[in-house]
Structure formats: structure tokens, C-alpha cells
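Trainee: Below you'll find the structure I mean.
The values are calculated or read from the model by the stated rules, or taken from the named source; none is laboratory data. For clarity, every value in this text was computed on a predicted model and none was experimentally measured. Please note: Cβ atoms are built from the backbone with ideal geometry, for glycine as well, and neighbour counts cover all protein chains shown. Surface accessibility is based on the protein's heavy atoms, side chains included, excluding ligands, DNA and RNA. Shrake-Rupley method; radii C 1.70, N 1.55, O 1.52, S 1.80 Å.
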Amino acid sequence: MPASFLDPLNQKNLKYEKTAFSLVKFSRQNYHRNLFQQLNIEFCPTLETAVIKRQAEYLAGRFCARIALERLSVRNYFLATGGKREPLWPINFVGSITHSDHFAAAIVASKAYYNGLGLDIEEVVNITTMENIKKQVINSDEMHVIELSCASIRIELLFTLVFSAKESFFKAAYPSVLEYFDFDALRLVALNTENQYLTFHITQNLCKSLPKNKEVQVEYDFIAKKSVITYVAL
């Protein structure tokens, strides 16, 4: 494995049984296209015109997905990309891929256990960024929940967790919903910083298995000092 580009990290203890998880740190500066061949990952044609940053993130994410699939005894599978840039997992499997500027991860499981899995990594935003995007992500009630929890954790970190959790939920729900929906489809109702999870209510009927008012719990953890990871199983 090209150690200068990829550095596998100790596996997080995810709370969901029957899942396979892979997490790496990667260096965009050490990326070159030959790494696709070295890592035995197909170079997606849509990457031909992509910037180096996108190619490096794609490679790191697909590497994590391959490792996770191999842990479930699925080998030599080309993970193609759908028309909406979603990963096309093997039949009878669900999964999720995520990346930030420095980290990538993937989670996979059999459909016999889960309808969908969501995973997201975000670097903690600063106060200015939070103020600029806050209205697109949360409402005033959700901000109140965050403010009640910020005695021991910075408010921008808590906001990042909520943003990331909603991204994770979208990824987990998409295989069932099969269309895009906005952040307001999920409303934060509680934030448990001791046991590291967020509780949401669905605000609209997304599909039969995800009706309005259904409660959803999203777990979270920290990566290094400036990044968070959230994950959810449906």
C-alpha cells in the first residue's frame, strides 16, 4: 500500500452490529493517478476532467469501500457510480462513503440487517461559516437545543455535528426515498454529549419506512482534533 498517500487508522468502535467499517487518513499532496492501478481500483471515466483534489478523495473513499466489502467477503467488486453520484453497492448490500480534506471512510452491511447506512466526516466549521449557513441547516428551535448543550462543547462543534448528522441521514435514507430532500426534513430534538448521539424527528413523510414524526438517532465521534464523524443505520 502506498504509505505516503494512505494511512489506515485504528477502527472506530461503531455501535451497529453486522457492519464493516474502514477509515483512513490520506494526503492529497502525495496523490498521483498511478495509485489507482497500484491499489487495484478502477479509474472512473467521470474523473478524467476532475481536479486532483476530487480524484484523491474518490480514490481514498473507494479504497475504504473495498476494504469494508472485503471484510464481508465481497472481493473484486467494481463499485460504480450512479446517475446522482451515489455508489452502486452489490446486490443485497447497503453502504455509505464519506471524505473530508484529510480523512475518508466507508461502512457496509447486508440488506438483511439494514435498509440504509449513512456516514459523514466534516471538519469543524468556524463561527463565520456557521453564521453564513445556519439558516439553511437548522431552525431556531434546533439552535436552542444546541445552545443548551454548549456548556462543555463549543457551539461551532455542536453545529458541525448537527450538519454532519443530517448529511448522514440523507445518505442512509436515499436508497428508500430515491429523491433529494432538504435539511428541514429532519429536526433536532436532543443532543446527548455524554453518550455521543443526536436525536431527530422526521418532519415529513419521506417514504413508507420513514414517516413523519419517526424518531432517528445518529451517533457521533471525533477524529483527531478538528474533524467529526457521524453515522446512522436505518
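Trainee: Taking the Cα centre of the range 107-234 as origin and charging only Cβ (+1 Lys, Arg; -1 Asp, Glu), how large is the dipole, in debye to the nearest 20?
Mentor: With only Lys, Arg, Asp and Glu charged at Cβ, the dipole is about 300 debye.
Trainee: What whole-number value in Å² describes the accessible area per residue of the range 75-234 for a 1.4 Å probe?
Mentor: Computed with neighbouring chains in place, this is 50 Å² per residue.
Trainee: Further question on the same structure: Cut-off 10 angstrom, C-alpha nodes, Gaussian network model of the chain. Which of Gln217, Gln37, Gln55 fluctuates the most?
Mentor: Of Gln217, Gln37, Gln55, the most mobile in the Gaussian network model is Gln37.
Trainee: Quick one: check the C-alpha center-to-center distance for the range 157-227 versus the range 67-110, whole angstrom.
Mentor: Spelled out, the Cα-based centre of one part sits 20 Å from the other.
Trainee: Sticking with this one: Classify the chain from the C-alpha gyration tensor, please: rounded if a/c falls under 1.5, else prolate or oblate depending on whether a/b exceeds b/c.
Mentor: Since a/c reaches 1.5 and a/b is larger than b/c, the shape of the chain is classed as prolate.
Trainee: What part of the accessible area of the chain, given as a whole %, is carbon or sulfur when the probe is 1.4 angstrom?
Mentor: 47 percent
Trainee: Among 116-124, 142-150, 46-54, 169-177, how do they line up from the highest to the lowest mean number of other beta-carbon atoms within 10 Å?
Mentor: Top to bottom by mean Cβ count within 10 Å: 116-124, 169-177, 142-150, 46-54.
Trainee: In what sequence, highest mean first, do 210-216, 225-231 appear when ranked by Cβ atoms within 10 angstrom?
Mentor: 225-231, 210-216
Trainee: Further question on the same structure: Quick check on the chain: helices-only [θ] at 222 nm, where DSSP H runs of length 4 and up contribute -39,500 (n - 2.57) each and the sum goes over total residues. Nearest 500, please.
Mentor: Mean residue ellipticity at 222 nm (helix-derived): -9000 deg cm²/dmol.
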